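Chemist: Dumping the structure here so I can ask a few things about it.
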Amino acid sequence: MAHSQQWQRIPTELSRGQFEQFVLPHLTAGSRGPASKLTAAIFNYILKLLYLGCQWKPLPIAMDRHGRPEIHYTSIYRAFRRWQACECFDAVFLASVVRLSHDQLLDTSVIHGDGTTTAAKKGGDNIGFSGHKNMKGDKVVAFCDRTM
């Protein structure tokens, strides 16, 4: 088995410096109450949740000195939904791609399409329900060209 390169792993935690440099400028703060001191921790919990693929409640949250979770999972969920609604994750992704392109670390010579099974209702032969979990439809590979 070949040794895994550092750049090939999926990041599940950012350092404080990485978070403040790459992510924090694109996040919105809550409109009420004091500023959260756990913004970096919340973002790292969201990264871990996306990596693990678990639900919000069983997310492994660190304990404070009193043995209680340092933050409730619903607070992480609320921050996630707020950032999602404000399109903060899109801004973080776009800024990352721009930075990689500027540093000439982005290889766009290979395009990967996402092929998923989608219930496509193009014609009468594709419409229907078989009574089983299998759905009628077509295999769809979507490519978008937004340069026009």
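FYI, it's all coordinate maths here, none of it is from the lab. All of these numbers come straight from a predicted model, not from anything done at the bench. Ideal geometry is used to build each Cβ from the backbone, glycine not excepted, and the neighbour counts take in all protein chains shown.
Chemist: Calculate, for Leu24 and Met63, the FRET efficiency according to 1/(1 + (r/R0)^6) with r their C-beta to C-beta distance and R0 30 Å; round to the nearest 0.05.
Modeler: My answer for the efficiency is 0.75.
Chemist: Follow-up question, since we're still on this one. Rounded to the nearest 0.05, what FRET efficiency do Ser101 and His72 give with R0 = 30 Å and r taken as the Cβ-Cβ distance? Could you check?
Modeler: Working from the Cβ atoms, E equals 0.20.
Chemist: How do Val92, Val23 rank when sorted from fewest to most other Cβ atoms within 10 Å of their own Cβ?
Modeler: Val92, Val23
Chemist: In nm, give the distance between the simple-model label positions of Ala35 and Arg16, each being 7 Å from the Cα along the Cα-to-Cβ direction.
Modeler: It is 1.4 nm.
Chemist: Sticking with this structure for a sec: Which FRET efficiency value, to the nearest 0.05, is calculated for Asp90 and Leu50 with the Förster distance at 25 angstrom and r the Cβ-Cβ distance?
Modeler: 0.95
Chemist: Would you kindly derive the ³J(HN,Hα) couplings of region 20-35 from the backbone phi angles with the Karplus curve 6.51 cos²θ - 1.76 cosθ + 1.60 (θ = phi - 60°), listing them in order in whole Hz, with x for Gly and Pro?
Modeler: The phi angles translate into 5, 7, 9, 10, 3, x, 9, 8, 9, 9, x, 7, 10, x, x, 5 Hz.
Chemist: A further question follows. Among 76-84, 39-47, how do they line up from the highest to the lowest mean number of other beta-carbon atoms within 10 Å?
Modeler: Descending packing order for the listed peptides: 39-47, 76-84.
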